[in-house]
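Enquirer: The structure under discussion is supplied below as structure tokens; questions concerning it will follow.
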Amino acid sequence: MKPQQQLILASAVALSATQIPYAEGFSTTSSSSHLVEYPSLSMSASCARCYRSRPATRLSMGRDYDSIDAQALSELEGRISSLLNSPINGVNFVPRISPGRSPISPMSMAEASSFHDMPWTTTIGRSDEEDPLLYMPFWEWQLQFMQESLSNLHPIECSTLNDIDVSFNENKDKRARIVNHCYASDEYRKIRMTYYDAGDSVQVFNSVWYPDAKYNLPVLGIDLLSFNRKRYLAIVDFQPLHESEQDHATTYEHILKPIKDKYDNLKGRMSSKFYDETQFFSKEMLFARFEDGKIVYDDLFPAFKSYVQTHLDLLKATPPASNPEDIQFVFERQRAYDTYSADRDPAAGLFAAMFGKEWAEDFIYDFLFSLSERKEEGLNLTPPMFGGPPSGTAAKGGSPTRTMGNANEKESVGLNK
């Protein structure tokens, strides 16, 4: 089903309980003209950006809803936004569909979870290890946990605004591949999972959990990397959305501290050379650089499980917001998180080198951080050197200059930051 059809269908279904007036500005090409009703729900930023990016030619909506008058669609979006803040029979309407929700994939969970032969059992690269796919157990555990613990879990599309499928890519010459899955549930509007496999050279597992905007909660960010099976980098965090940590992080950090206290190897601090740890990072972030591979399973794996389980427990204990303004505020902070992350993603150079610049930009802007806005100058594609000093610095909130290094060796693949 096309996005236009999904918008119309979702609108018509939701309207059945709201008694909102008919939308105007649409015409039909069929001789049996009919009107379509639209409810007061807000369009996701990614969908809105998609529609705005289309050529502004005049279209009409046929009976099969395959095409829509672009100007009328824009007017409809404004109408929907206005209706969100308009009381119905004296009562403020609580949208049934929170902002930022993506189209549902036609695949079943069984099909989606095994898409592109996941979980992989062999590497595409060179390896001397018995477990060449170092972080695949993390992927498998998380997916099983999601299936057992989340309500109405379902796959969502992994396509970009340019209709590029980013669910899988590979570079056979360089022996590297990447797979991406994306899911949603009642609790989370988006959970993306990425596995990057280049043999012993690089192994990466990354995941970001975005709570539904009804929940004023941090984003769960996970970034686990291995370079040549000699250097390891791990970040797991409840990433606060608000500019002031006292407004957000301090309300939940106390539940993370007992977990973090168990693992001395995961109590490192992020380098300020590359990131401002006061923005979208908490004080109880699990952060570690290490060279002993045993830490991956002895410390990192159980700590990762505890943080994932605790994030869901926190969400289930949090009453959902009913005020549309509160919901929209959280959504806007998630948008700020995506924009901040896309502008500073140090993996852009790696993705461009392995899979091409166009794919890399679509992947970062439309999949990894789908609420972000593209910069006119594009992404910074200079790959940073792992552990090396930057050749320049930036003011707080700016983007540091990064030193050139091997495309497979990075300060952080940084898929969530």
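Enquirer: If packing is taken as the average number of other Cβ atoms within 10 Å across a peptide's residues, how do 286-297, 193-204, 113-124 rank, most packed first? Walk me through the numbers on the way to the answer.
Expert: Details: 286-297: 16.4, 193-204: 23.2, 113-124: 14.8.
Ranked from most to least packed, the peptides come out as 193-204, 286-297, 113-124.
Enquirer: Tell me which residues come under 5 Å, amide H to amide H, from Val219 once H is placed; ignore anything under 5 positions away on its chain.
Expert: For Val219, whose amide H was placed from the backbone, the distant partners under 5 Å are Gln239, Leu241.
Enquirer: Starting at the first residue of region 343-349, write each ³J(HN,Hα) from the Karplus equation 6.51 cos²θ - 1.76 cosθ + 1.60 with θ = phi - 60°, in whole Hz, x for Gly and Pro.
Expert: 5, 10, 5, x, 7, 4, x
Enquirer: Sticking with this structure for a sec: Just by accessible area at a 1.4 angstrom probe, what is the order of Leu266, Leu314 from largest to smallest?
Expert: On the way: Leu266 0, Leu314 35 Å².
Descending accessible area places them as Leu314, Leu266.
Enquirer: Looking at region 174-243 from every direction and averaging, what is the projected area of its Cα convex hull in nm²?
Expert: Details: hull surface 22.3 nm².
Its Cα hull, projected and averaged over all orientations, spans 5.6 nm².
Enquirer: Further, regarding this structure: Quick query: amide H of Glu187 versus all other amide H atoms, modeled in the peptide plane; which residues come in under 5 Å with a sequence gap of 5 or more or a different chain?
Expert: Amide H neighbours of Glu187, under 5 Å, 5+ apart: Ser151.
Enquirer: Using per-residue counts of other Cβ atoms within 10 Å, averaged over each peptide, order 138-145, 219-226, 175-182 from highest down.
Expert: Numbers: 138-145: 17.0, 219-226: 23.9, 175-182: 21.5.
Answer by packing, highest mean first, reads 219-226, 175-182, 138-145.
The values are calculated or read from the model by the stated rules, or taken from the named source; none is laboratory data. Given the structure is predicted, the values throughout are model-derived calculations rather than measurements. Ideal geometry is used to build each Cβ from the backbone, glycine not excepted, and the neighbour counts take in all protein chains shown. To get the accessible areas, we keep the full protein, side chains included, count just its heavy atoms, and leave off ligands, DNA and RNA. Shrake-Rupley method; radii C 1.70, N 1.55, O 1.52, S 1.80 Å.
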